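The values are calculated or read from the model by the stated rules, or taken from the named source; none is laboratory data. All figures in this text were calculated on a predicted structure; none of them were measured in a lab. No Cβ is skipped: glycine too gets one built from the backbone with ideal geometry, and neighbour counts run over all protein chains shown.
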Amino acid sequence: QSQELSQVQIDYHAALQALVEDGTRMVCTGRMHTDRICRFESLCYSTEAEEFVYFHSNSSVMLPNLGSRRFQPALLDLSSVEDHNTQYFNFVELPAAALKFMPKPVFVPDVALIVNRFNPDNLMHVFHDDLLPIYYTMQQFSDLDLEARLFFMEGWSEGAHFDLYKLLSNKQPLLREQLKTLGRLLCFTKSYVGLSKITTWYQYGFVQPQGPKANILVSGNEIRQFTKFMTQKLNVSLEESSSEEYIIVFSRTINRLILNEAELILALAQEFQMKTITVSLEEHSFSDIVRLISNASMLVSMHGAQLVMSLFLPRGATVVELFPYAINPEHYTPYKTLATLPGMDLQYIAWQNTDKEDTITYPDRPWDQGGIAHLDKAEQERIIKSTEVPRHLCCRNPEWLFRAYQDTKVNIPSLIHVIRQTVKSKPGPKKQKWSGSLYPGKVRDAKCQASVQGTSEAKLAVSWQIPWNLKYLKVREVKYEVWIQEQGENTYMPYILSHQNHTFSENIKPFTIYLVWIRCIFNKNLLGPFADVLLCST
Ligand code: UDP
């Protein structure tokens, strides 16, 4: 496939006239630069200035029209990493009349998705920051179909995993460098700029120490729809019924090594009575890794980007993440967060080397491979003595890098012990019944009837009908929660009930107004919405 753009024939003069007359048209979604995606007609890019250009004319549109707030700090994030100051998008403005004096525009006929990749050499970043967000941004806008073309503006070369990006559309993605070869002024007929962050689950620690995102919006269902797409595009055939169960040790071959890998494999095979195999990014094709992981019962690996491949594990499988000495597993949880997303249905186990004897450090390596020789002696001493890396910000903390790039001799009995605390019998995919969790609707026709006995006692009879969707569902347990609140009070009495009516008499006073809130609960933890509040006067 060439970089040729003219697969769709366009009438050059008509296109040029439209650009001069109509200028650029932009309409965006999102309220802030961090959640904005913009759709453009006739957005241009000067390959000399390396700037996007917006042309004003009588028909141009700019929504939102932010004025100079467009620079505070930017119109939008071009990558899926939130508010990173190297990833901002903006354009410069010109009157359409200026086109007369500019290089002749080259039109891009394909619908374009214009984004930044964040770190295309690291597999975790590739999947989490780029592939999943691109896939779901394309799902959001119907003209971003398989005929759309991706434009990567971050300025990197293809990187180690470019083949994966190619799977997302039928057209060859183009890099910033390549745009120069197409012309001096490129004009995108129709384009989308920015990436959806709706699928990301982790923040890497740019402003606060790394950890799960505060508001995760993705579930295993959407992850698996994506992996199904990728698996099909990779032409990986999944032998669903392939009977033999096995464990995968995903090894690293360059650094952060497992020093006793052979011993580990034997021990796992023996303990779980399963074939145990190793894979690595260096020694296996990506398709082979996906095929193997898709049917594995357990994935064992050192902490590291390769663990993002647990995306491809079948439901019910187990992820075992190994952490080198002095690295607290609770502080580095991209893969734990992934495995424990609702509906991922993976079991997650962390093991940490706690024995200094079993670690090999590399103080003399370059700083980016964890060397500390460049630090002053006292700091080196402190790091070497320390038993835990304190929480830190991304990305160049030398103590973190020093510990992250240790090799580890895995203490087999200790590892097996931790796994056995979670995996009691055989690990592996369970032929599970669909456990999609559906929530109840509102209870219906709620009514109350009060009765007063004397001057100090009263009763409140409350009844309601089942939520409308319940009659179409098989639900193991249906309960109702009722809150009784005296009007004007901040507190309420909560009750959990099994039936659709109840007469309350405790703490019910005569000649008082009560607010009654009712909701349905499926299977203990699926809480429905409250029905409209009932006003009941005794
Ligand atoms: N990598 C690998 N084998 C190795 C070391 C690294 O395949 O021995 C891969 C790793 O999976 C990641 C990339 O190289 O995709 C960069 O690794 P790095 O150690 O920088 O990042 P980390 O794994 O800690 O996220």
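Restricting to region 293-319, name every residue that is of a type in the set (V, I, T) and within 16 Å of the ligand (Cβ to nearest atom). Show your work before the answer.
Kept after step one, since they are of a type in the set (V, I, T), are these residues of region 293-319: 293, 300, 308, 318-319.
Correct list: I293, V300, V308, V319.
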Any chance you could count how many residues in region 126-142 are under 18 Å from G304 (Cβ atoms) and surrounded by fewer than 21 Cβ atoms within 10 Å (Cβ to Cβ)? 0
Any residue in region 302-326 that is at negative phi and in contact (Cβ under 8 Å) with a residue 40 or more places away in the chain sitting within a Cβ distance under 6 Å of a residue that is within 15 Å of the ligand (Cβ to nearest atom) and among the small types (G, A, S)? List the pairs, counting only those 6 or more apart or interchain. L307/S301
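Look through region 404-413, keep the residues that are under 17 Å from S301 (Cβ atoms) and assigned to a helix (DSSP H, G or I), and return whichever of them is nearest to the ligand (Cβ to nearest atom).
Our first condition is that a residue be under 17 Å from S301 (Cβ atoms); within region 404-413, this holds for 404-412.
Still in the list and also assigned to a helix (DSSP H, G or I): 404, 412.
On the way: A404: 6, I412: 22 Å.
The extreme case among them is A404.
Looking only at strands (runs of 3 or more DSSP E) that fall completely inside region 446-538, which ones have 1 or more residues that are loosely packed, with under 13 Cβ neighbours inside 10 Å and among the aliphatic types (A, V, I, L, M)?
On the way: elements: 457-465, 478-486, 493-497, 501-504, 513-522, 534-537.
Filter on region 446-538 gives 493-497, 534-537.
Being over 27 Å from Q140 (Cα atoms) and either surrounded by fewer than 19 Cβ atoms within 10 Å (Cβ to Cβ) or at pLDDT 95 or above (or both), is that true of even one residue in region 67-90?
First, the residues of region 67-90 that are over 27 Å from Q140 (Cα atoms): 67-68.
Within this subset, residues satisfying the condition of being either surrounded by fewer than 19 Cβ atoms within 10 Å (Cβ to Cβ) or at pLDDT 95 or above (or both) are 67-68.
Yes, because at least one residue in region 67-90 is over 27 Å from Q140 (Cα atoms) and either surrounded by fewer than 19 Cβ atoms within 10 Å (Cβ to Cβ) or at pLDDT 95 or above (or both).
Tell me, which helices (runs of 4 or more DSSP H) wholly within region 150-262 include 1 or more residues that are surrounded by fewer than 19 Cβ atoms within 10 Å (Cβ to Cβ) and within 16 Å of the ligand (Cβ to nearest atom)? Give the derivation first.
On the way: elements: 162-166, 176-182, 220-233.
Filter on region 150-262 gives 162-166.
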Which of the following residues is surrounded by 18 or more Cβ atoms within 10 Å (Cβ to Cβ) and not in a loop (DSSP other than H, G, I, E, B): I384, I372, I419? I419
How many of the residues making up region 458-498 are free of Cβ contacts under 8 Å to residues at least 12 places away in the same chain and over 23 Å from S437 (Cβ atoms)? 4
Selection count, region 253-269, where residues are closer than 18 Å to E357 by Cβ and of a type outside the set (D, E, K, R): 5
